[in-house]
Amino acid sequence: MLLPTCRQLLLFFTSVMICIVLTGCWDSDEIDERAVVLAISIDKAVGEKEEIKIAHKGKMSDLADQPVIRLSAQIALPGRIPLGPETGGGGGSEQSPVWVVSVTGHTIDEAMLNLQQEVADEIFLGHLRVIVVSEEIARIGVNRFTDYLKRNPEIRRTAWMVVSKGKADRFMQMAPKLERVPALYLSTVLDDAIDLGKFPSDFIGKFWSILSSNAQDAFLPYLDIKNKENVQIKGLAYFKGNKMIGTTNPLEIGLFMGIIGEERGGYGTFVDSPEIDGFLLVRAMKRDAKIKTSLKNGRPHVRIILHYEAMISENEVDKNAKKPLNPKAINSVEGKFSKGVEKKVKQLIKKTQKDESDIYGFGDHFRAKHPEYWKSKVRKLEDWHEQYKNMTVQVDCKTNIRLVGMKSK
Amino acid sequence: MDTPKKITDIQTASIVISSIIGVGVLPLPLFAVRAGNTAAPIVTLIGIAISLFALFIITVLGMRHPNKTIFGYSEEILGKWLGRFCNIFVILFFALLTALGSREFGAVVTTAILRETPIEVTVLVMLLLAAITSRNDLNTFAYIHTFYLPVIISPVVIIVVLSLQNANALYLQPLLGNDIGDMFKGSLTIASLCQWSFVLTIIIPLMLNPKRAMRTGMTGLLIAGGILLMLVVASVAVFGAEETKKLLWPTLELARTTTLPGDLLQRMDVVFLTVWVTAVFTTLLSGYTFICHALSGLFRLRDHKIFSFSLLPIIFVLSMLPGNLLQMYKVIEFVGRFGLIVTIGYPCILLAIDLIRNKRGKRSAPTNM
């Protein structure tokens, strides 16, 4: 008889199960069959848009209130992304390693669906590094973009979101010299700015956390392009709720970083010194900030104690200086630098108070340390804005200049 | 029992730790923050205290009957049929817990990693793995837990430590603040995540030294609780209470936000998920093994292997019952909190009756052995 034994049956069953269960092929995805999106830009769509109706038919009244966006995606071309450093004069350097596709849609996801309709390979967002939003769109509000980005498991929380002065898609088209892939250059600019103390750490995950908070307003880097190939950090785009409301100048980024206590200093300023009859360029090396909060007659009051560690990096009238650099002069420069910082910090805070944007997170200090006050006066971010407008500020700055570089006077 | 008694103290502690750390660590900070806002760490602490109490009760019971599992002594305390009747509920509850755990695992994998793979396949593979492994005896079971323990703990600790570079201490303040009722409800959910330590009830009789069960069990739970607390603190400190409420799996997001210094690894979620799959496996293995041994105890069988495969379809079907993800979490929270009656209430009653009977028993006759 050829009846299979129990053992043979079990063996057969097991091998069938192994074949079915251990294949693991459902998610196989060849790397060259993916459209790897490195960066996207979001602009307001202009003029008559040609729209393929994929996500919705006809009109949707709620969506119609929001402006249609134009999304440009920078897609890496397989095989043209240089691996490792470029060797000079190699062939094919004329070809761009990326391809930029633009589509329109009411939301990011609709635009993405439209994008997929135009791109053969499956869109992959796992390497998305930068999202550039035009100022125009940022001023209308960014909340409607965050939902898709947070929901999608491919998006990294360590990506960057930036606001561009003018059209955002210029950042997709730019041709930087230092790096062949524009998106990578852009993210390098931002990462290096953190290392150089030029910008606080503000990747998209952090931006989202602040955006969700009811005690702080978000901020993003405000960038511009120079000569089609150069990225310039123009300042800080600050938000009121989810809407961008204003910008600062680059020096104010330094002051802002001082207030929130970012340690590494990267900005400098001229201080005039009567003792040596000239101007000195003083660079901030290290910063430290303490924030003391109190309530004065029910009104929030903040005392900011700043401590700067600075160095003298240039003496502007070095050649015909009548008096050499001396300890006393340095002391007075320290004082003047501190006074200058105090004045400018107050100005900066006043400016953001007028715009009702608490990018420093003073609200968080009050929420954390004065819970009774917070519970009775504040429920939403809007309530805090009301309080914040009338907040009084006191700034005390102390500067130490310890180093003067490699010159004796 | 034929299985030799040789489960050591360290093995017992590892069983407790790696059973508790499992699928539940992903939504854990969400549960805590929902209940307590910035008081989430306190909520977690209360939850751990509740589980410590639960573990205390079952260990006292186990040490009073050092040669029997809960299925043995419950029949002795409550009488044969009432005991069996109650034990059916324990088994049903753990079947449900294991099913929901595997379903949650499937949901995470399908959402975050293998998006094309059908959820049924992920769940089935995990259950199959647990079923095959549960055919071993309890000593091997203890070895497996001990073996995987460092793999489970160390990456979690590393991620928590590294994530602190993005932390903001202000997000953790004020320490107290929410409604006490809400907080307690949240603590029950947290305690329900620690219910897997109930597996200790079948381990104690096989311990080399059952007298030390209390110390080792408590140590294990404290270590596991410490890790859970660290995860909650890190999530709240990095994301803030408001953002944590918006995230389905804050722990996973924590791993996604964290980078190894020096750009060695730009996202840690790959490492974390690999580890997490192991953690889920050990947890489900505990549940599955517990059910198998419980059933063999119930039916007075010597061998538990017969149940390992026959249970599979039942647990699989149970795991597929919840419709969508949000519904699944509603069910998990409900079943978890309800299960506290089984894992805390039931042992309490057993202990109370046992103590009363023992006092009387001393006076009358030493019938109970």
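The values are calculated or read from the model by the stated rules, or taken from the named source; none is laboratory data. Fair warning: this is a prediction, and the values are worked out from it, not measured in the lab. Every residue, glycine among them, receives a Cβ derived from its backbone with ideal geometry; neighbour counts consider all protein chains shown.
Just one of the listed residues (A:N242, A:N249) is surrounded by fewer than 19 Cβ atoms within 10 Å (Cβ to Cβ), in contact with a strand residue (DSSP E or B) (Cβ under 9 Å, 6 or more places away or on another chain), in contact (Cβ under 8 Å) with a residue 12 or more places away in the chain and closer than 30 Å to A:I137 by Cβ, namely A:N249. When B:T219, B:T251, B:T244, B:T201 are checked against the criterion of being in a helix (DSSP H, G or I), within 14 Å of chain A (Cβ to nearest Cβ), among the polar types (S, T, N, Q) and closer than 30 Å to B:Y143 by Cα, a single residue qualifies: B:T251.
Of all residues in segment B:254-268, those satisfying the criterion of being more than 7 Å from chain A (Cβ to nearest Cβ) and either surrounded by fewer than 20 Cβ atoms within 10 Å (Cβ to Cβ) or over 22 Å from the mean Cα position of the chain (by Cα) (or both) are B:T258, B:L260, B:P261, B:G262, B:D263, B:L264, B:L265, B:M268. Got at least one residue in segment A:157-175 being surrounded by fewer than 22 Cβ atoms within 10 Å (Cβ to Cβ), modelled with pLDDT of 85 or more, more than 28 Å from A:V46 (Cβ to Cβ) and within 14 Å of another protein chain (Cβ to nearest Cβ)? Yes, segment A:157-175 contains at least one residue that is surrounded by fewer than 22 Cβ atoms within 10 Å (Cβ to Cβ), modelled with pLDDT of 85 or more, more than 28 Å from A:V46 (Cβ to Cβ) and within 14 Å of another protein chain (Cβ to nearest Cβ). Candidates in segment A:212-237 are the residues that are among the polar types (S, T, N, Q) and within 14 Å of chain B (Cβ to nearest Cβ); of these, the one that is nearest to A:I349 (Cα to Cα) is A:Q216.
Count of segment B:127-154 residues, restricted to those that are away from every other protein chain (no Cβ under 14 Å), under 19 Å from the mean Cα position of the chain (by Cα) and in contact (Cβ under 8 Å) with a residue 40 or more places away in the chain, is 14. Of the residues making up segment B:21-42, not a single one is in a helix (DSSP H, G or I) and free of Cβ contacts under 8 Å to residues at least 40 places away in the same chain. Which residue is nearest to the other protein chains (Cβ to nearest Cβ), if the candidates are limited to segment B:80-104 and must be within 20 Å of B:V23 (Cβ to Cβ) and among the polar types (S, T, N, Q)? This residue is B:S102.
The selection criterion, being surrounded by fewer than 22 Cβ atoms within 10 Å (Cβ to Cβ), within 19 Å of B:A130 (Cβ to Cβ) and not hydroxyl-bearing (S, T, Y), does not hold for B:L100. Here the helices (runs of 4 or more DSSP H) wholly within segment A:307-409 that include at least 1 residues being of a type in the set (F, W, Y) and under 25 Å from the mean Cα position of the chain (by Cα) are A:362-369, A:381-389. The set of residues in segment B:149-204 that are polar (S, T, N, Q), within 30 Å of B:N136 (Cα to Cα) and modelled with pLDDT under 85 is empty. Is it the case that segment A:122-133 has a residue that's in a helix (DSSP H, G or I), away from every other protein chain (no Cβ under 12 Å) and surrounded by 17 or more Cβ atoms within 10 Å (Cβ to Cβ)? No: zero hits. Residues of segment B:165-189 that are assigned to a helix (DSSP H, G or I), surrounded by fewer than 17 Cβ atoms within 10 Å (Cβ to Cβ) and either aliphatic (A, V, I, L, M) or within 11 Å of chain A (Cβ to nearest Cβ) (or both): B:Q165, B:A169, B:I180. Of the numbered criteria (1) surrounded by 23 or more Cβ atoms within 10 Å (Cβ to Cβ); (2) of a type outside the set (D, E, K, R); (3) more than 14 Å from every other protein chain (Cβ to nearest Cβ); (4) in contact with a strand residue (DSSP E or B) (Cβ under 6 Å, 6 or more places away or on another chain), the one A:G197 fails is (1). Scanning segment B:105-154 for residues that are of a type in the set (G, A, S), under 19 Å from B:S19 (Cβ atoms) and crowded, with 18+ Cβ neighbours inside 10 Å gives B:A130, B:A131, B:S134, B:A142. If a residue must be touching a residue at least 12 places away in the same chain (Cβ under 8 Å) and surrounded by fewer than 22 Cβ atoms within 10 Å (Cβ to Cβ), how many such residues does segment A:222-234 contain? Of the residues in segment A:222-234, 7 are touching a residue at least 12 places away in the same chain (Cβ under 8 Å) and surrounded by fewer than 22 Cβ atoms within 10 Å (Cβ to Cβ).
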